[in-house]
Amino acid sequence: MAGTASPPPDAEPPECPVCLSPFDAASAAPRVLPCGHSLCGPCIASLPPASASASAASLRCPLCSQCVPFSRALGPSSLPKNLALISLLPNPSPSRAAAAAAAAAPPPLHLPLHADHSRLLSRFRHAVLPESASPLHSPTPAAGLAIGSFASDLGAPWFCPRGHPVTLLPIETPAAAKQESPLYYRPSHAARVVAAIDALSAAARDEVIDLVAVSARLARRVCRVYGFWMGPEAAPLWLVSERQSRGVSCLLEERSRREETVARIRAVGMEVCEAFMGLHSEGLVLGCLGLGCFCLDRFGHCLLDLNQVLALCRGVRAGVFSSKSKAFMAPEVAEVVHDKLQIKDHDFSGLLGPSSDAWLLGCLLVALVTGDEQLAAGWSTDGSYDDWKNEVLTKVDASLVGTHMEPWSATIVSCLNYDPEGRPEIAHVWKCINGSLMNSDIEALIPNVDLAARKSFMCLLLGELSSMCSNLGAVESDDTMHLSQDLDDKHSTPDDASSGGIINNEEVGAAGMDEPKCGLYNSSTLLAHRDCITGLAIGGGFLFSSSYDKTINVWSLQDFSHKQSLKGHEHKITAIVVVDNDNQSLCISGDSGSGIFVWCVDPSLSNEPLNKWYESNDWIYRGVHCLAVSGTGYLYTGSRDKSIKAWSLEDYSLHCTMTGHKSTVSCLAVACGILYSGSWDGSIRSWWLTDHSPLSVLEDGTPGSITPVLSISTELDFVVASYENGCLKIWKDDVLVKSEKLQNGAIYAAKLNDKWLYAGGWDKAVNIQELLEDDSEVEIRDVATFTCDSIITSILYWDGRLIVGLSNREIKVFYKAS
């Protein structure tokens, strides 16, 4: 009967014979095995099966070595407790018991994502901040911005330290009161954010993802938009953006010496122009603006805060726009905003564009030059435009008289022309501001991108994010807004020859070995495409570039000036090749819709194709992946249907079809009377050009070495192939002589020129190597590396110049510095 008595206060509690930890009634309760021995629950759960051959529903007692049954699915809780040992445990105090029970309770489990939300999360994975960021300090009304800072360090892709200041724009307001989370199951932070994103309209989702991407590409001129975050409560959803402590408005207060003030305004004015030009190149216009939307970083550079712009746009859309609000807005934009029916029907295509933002730039310059922000925003459609313009001209002239910036006056006033077509391009304003420094070399720094061919722009003021302000009386928004256009239309190419050009010339160093060939190089950037570069070719005295934007751009080889854009493809162009005949040169292009277009290369450069036809493939295998031409008068196409087709260049008829590959034919090359074809099946096949019969198969017999072939280059008796796993393999006389892991990611382009090998791809770097050959073996020696800003998709070497196509629509030309 003494068994029911409490143990002595100084008695040691019983302990587990395996881990020697004291038993307790909660997390380490003694459990009785079928053999009679008692162990704590954690030890039982960690015991392995009795043997490899024994059933998984068994274990071996560590005390008696007896094999006993045990259900791992149910765990230690399926075994009975040893009540005798539990009675010997000291009685915990109520507070200790509650604390132990709370500690023993499992954390709430996260509910799995819905299938639709999983797809949405994959699209927004770089735009969902972790819950630990916790940037919100004090929420504000839905119309304004909240400020805060990150509570923890953020890694890729944000790379922000703890305490980094941010602004938060509310995206949606909870419709219902916060509900209590379930005890054992609750959605994860990512699941809650994705569910809120899913509730947005498609246009709003497109707007946000565009803002995140654009702010990352224009990081030096626009405050970074990091993405979404949601607090522990259900709502709202916040759009988090970078915040700077100083605003441009401080320049109006810190007006010291006149010359110093003008110099500071000039620097800020140039950076404001560059921010506008960057946004326009991405197909984005603002619609309205305020001086408070610009801020200064710690180095004094001017940045545009997109969260501030959106907050201002919400106020304008809510109907609170007035001269006292100090919001700048062009007359044509004000007319659209005041016509609520027109906004609801979205009947403003073609009305708004870069010229509307030129008005905003003029107002901003007026405020900076005169120091009178109220004057810059003082005109409305109800007042006298002529009186206001005369007052602006008088004050601007008075502020600039006697300085070397007097030519600004006419340019600033021209930005405020009532007729949008009479306003100058922002690039011209940039030239005027920087006029005293302009010369022929600096001209190339200006982004010479023609925006007239773009059918429409996405306007932030008229977008979905600016209409999310119901408590301020914002007009009703239609979820079917068509401002966010199709990707293929968004990347349309300019129509005329002025659409592209060399946008910068810079001196770069080739990181590498002590090779005299490698030192300082100059690089030029050719910009005219709207999407990823897919091919480069030279012929007829021109450089041809193809892109996913469905166009071919033609460049002069003398000064790399842009000559023309060839249009006609209805699908993304995937390959391009040029053939020089005695009579004429032909540019041949293939697209993802199995279309093959032939263009005549002559001084006239006709915009109409000489001929075009389509491969007759099943829609599942539709698409031309690669092209090659031979001296025998045939064009070869590699397709998704695993075949290679030979077309006569005389009558463009199908001559024969070569089969043998087991997957998509990804690349073709011709050398020494042989056609080489690479495929996603990991093999390279060779074919006679005379009768198109198969010759040999080049494969690496190493186990596990099968990976898609992405490019082939040939020179004499060498064949170089690059692969998706970053490997480079070299064959000589159909014998594998070298295999090397060159980059971590896929190598999309490789070019062998004499003894020099150029390769680049996913790692955003061009590796230059020298091919060294002796009687017994072949080696490759690292020479130099060029680092680029984007993924390398194509490489071409011509006349001492390395021409590189990038996925960010740029073409880089590297050449030795003189």
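Below, the figures for the structure above:
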{"quantity": "Any hit, segment 375-389, residues being of a type in the set (Gly, Ala, Ser) and either open to solvent by 70 Å² or more (accessible area, probe 1.4 Å) or at pLDDT 75 or above (or both)", "calculated": "yes"}
{"quantity": "Failed condition for Val579, given (1) under 17 Å from Ser630 (Cα atoms); (2) touching a Phe, Trp or Tyr at 6+ places or on another chain (Cβ under 7 Å); (3) open to solvent by less than 30 Å² (accessible area, probe 1.4 Å)", "calculated": "(2)"}
{"quantity": "Test: residue in segment 169-179 that is at pLDDT 80 or above, under 24 Å from Ser149 (Cα atoms), aliphatic (A, V, I, L, M) and crowded, with 19+ Cβ neighbours inside 10 Å", "calculated": "yes"}
{"quantity": "Top-ranked residue of segment 540-594 - restricted to ones that are out of contact with any helix residue (DSSP H, G or I) (no Cβ under 8 Å at 6 or more places or on another chain) and among the charged types (D, E, K, R), ranked as modelled with the lowest pLDDT", "calculated": "Asp582"}
{"quantity": "Unique residue being in a loop (DSSP other than H, G, I, E, B) and open to solvent by less than 10 Å² (accessible area, probe 1.4 Å) when the list is Ile803, Ile730, Ile747", "calculated": "Ile747"}
{"quantity": "The lone exception for Trp613 - which of (1) crowded, with 17+ Cβ neighbours inside 10 Å; (2) farther than 20 Å from Ala537 by Cα it fails", "calculated": "(1)"}
{"quantity": "Considering residues of segment 524-539 that are modelled with pLDDT under 90 and surrounded by 23 or more Cβ atoms within 10 Å (Cβ to Cβ) only, the residue farthest from the chain's Cα centre (by Cα)", "calculated": "Ala528"}
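The values are calculated or read from the model by the stated rules, or taken from the named source; none is laboratory data. Please read all numbers here as calculations on a predicted model, not as lab measurements. Cβ atoms come from the backbone with ideal geometry, glycine included; neighbour counts cover every protein chain shown. Each accessible area value is taken on the protein alone, full model and side chains, heavy atoms only, with ligands, DNA and RNA left out. Shrake-Rupley method; radii C 1.70, N 1.55, O 1.52, S 1.80 Å.
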